[in-house]
């Protein structure tokens, strides 16, 4: 066997062992380890933000800065694509 | 003749308004039902990408310039950040929900799936982000398709 094949076999077995152990020690579905924050948002989102949709209230109110960064990432991607393809087009 | 066959164009003309209505519904009801600005914007942008597929990028670029899409995207971004700064001015902190509690517009507290005039500043932010995602994704699709088309692009 080649050296590359042996190296790839060792690498994939290590990754596979990690994946199997990760699957074995997974939490049961619906039982997070630290449910206090989820319960706080579920209890208070209607009174504090007025929104019925808890996900939107988290995305745009509790975690507004994250959405700002996401919008900046999208803006940068669009600007980069337009710059590159306009240059090819001329 | 640019674009695909007459069958595809007809089906696109029928399906496009429905897709646009559904996407705008998802954006407008983002604070009540599942969805929001990003998801609804992706729906609308994929409907418009169907236009590019059916009619060809050159035809679409003649109708909708990518300059205007850039302007729309910038308007969405400025609206989003401006709403956040309005929270700083009228309220107390950045991203403050300053419209919550007033009597006129979007002031209510949600009590079910019927009342759209709730959640303060969240629907306006949804509209801003939705505008941004529509213009951004459609600009990406349109510019890529146009610059690689046989008539106008790099392979001519």
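Bear in mind that the values in this text are calculations on the coordinates, not laboratory data. Please read these numbers as outputs of a predicted model, since none were measured by experiment. Positions of Cβ are backbone-derived with ideal geometry, glycine not excepted, and every protein chain shown enters the neighbour counts.
Enter the mean number of other protein chain beta carbons within 10 Å of the beta carbon of each residue in A:71-83, as an integer. Each step should come with its number before you reach the end.
Values: counts 13, 3, 0, 11, 6, 0, 3, 14, 5, 1, 7, 12, 1.
Taking the mean over all residues of the peptide, I get 6.
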**Residue-averaged [θ]222 nm for the protein assembly as shown, counting only DSSP H segments that reach four residues, each worth -39500 (n - 2.57)** = -23000 deg cm²/dmol
**Asked** Once you average over the residues of A:41-51, how many Cβ atoms of partner chains fall within 10 Å of each Cβ?
**Response** 5
**Prompt:** Which value in nm describes the separation of the simple spin-label points at residue A:2 and residue B:4, placed 7 Å from the Cα toward the beta carbon?
**Reply:** 4.1
**Asked** For chain B, modelled as a Gaussian network with Cα springs under 10 Å, which listed residue fluctuates most, B:61, B:50, B:125?
**Response** B:61
**Complete:** Exposure-ranked with fewest Cβ neighbours within 10 Å first, A:67, A:49, B:19 stand as B:19, A:67, A:49
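Exposure proxy check: B:32, B:134, B:81, A:10 ranked by fewest other beta carbons within 10 Å?
Details: B:32 21, B:134 27, B:81 15, A:10 10.
By the 10 Å Cβ count, ascending, the order reads A:10, B:81, B:32, B:134.
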**Complete:** Two pseudo-spin positions, 7 Å from Cα along C-beta at residue B:93 and at residue A:66, lie apart in nanometres by 1.6
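Taking a ≥ b ≥ c as the square roots of the Cα gyration tensor eigenvalues, with a/c under 1.5 meaning rounded and otherwise prolate when a/b beats b/c, else oblate, which class fits segment B:6-147? All intermediate terms of the calculation are to be shown ahead of the outcome.
Details: a/c = 3.89, a/b = 1.80, b/c = 2.16.
It is oblate, given that a/c is not under 1.5 and a/b is not larger than b/c.
Full-extension gain between residue A:55 and residue A:73, please, as 0.36 nm times their residue separation minus the C-alpha to C-alpha distance.
Values: separation 18, 0.36 × 18 = 6.48 nm, distance 2.03 nm.
Here the segment from residue A:55 to residue A:73 would lengthen by 4.4 nm.
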**Prompt:** Out of B:41, B:87, B:79, any idea which swings most in a Gaussian network model of chain B, alpha carbons joined below 10 Å?
**Reply:** B:87
**Prompt:** Suppose R0 equals 45 Å; then what is the FRET efficiency for residue A:38 and residue B:104 from their Cβ-Cβ distance, rounded to the nearest 0.05?
**Reply:** 0.85
**Asked** Sorted from largest down, what three extents in whole angstroms do the Cα atoms of the protein assembly as shown have along their principal axes?
**Response** 63, 59, 36
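Per-residue Cβ counts within 10 Å, from other chains only, averaged over B:116-124: what number is that? Provide the component values of the computation, followed by the final result.
Values: counts 0, 1, 5, 11, 6, 5, 10, 3, 1.
Averaged over the peptide's residues, the number is 5.
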**Item:** Rg/Rg_ref, segment A:3-89, where Rg_ref = 2.2 N^0.38 Å and atoms are Cα
**Value:** 1.85
**Item:** Inter-centroid distance (Cα atoms) of segment A:57-89 relative to segment B:22-65, Å
**Value:** 17
**Fill in**
Taking Cα pairs closer than 8 Å and at least 6 residues apart, the relative contact order of chain B in percent is 28
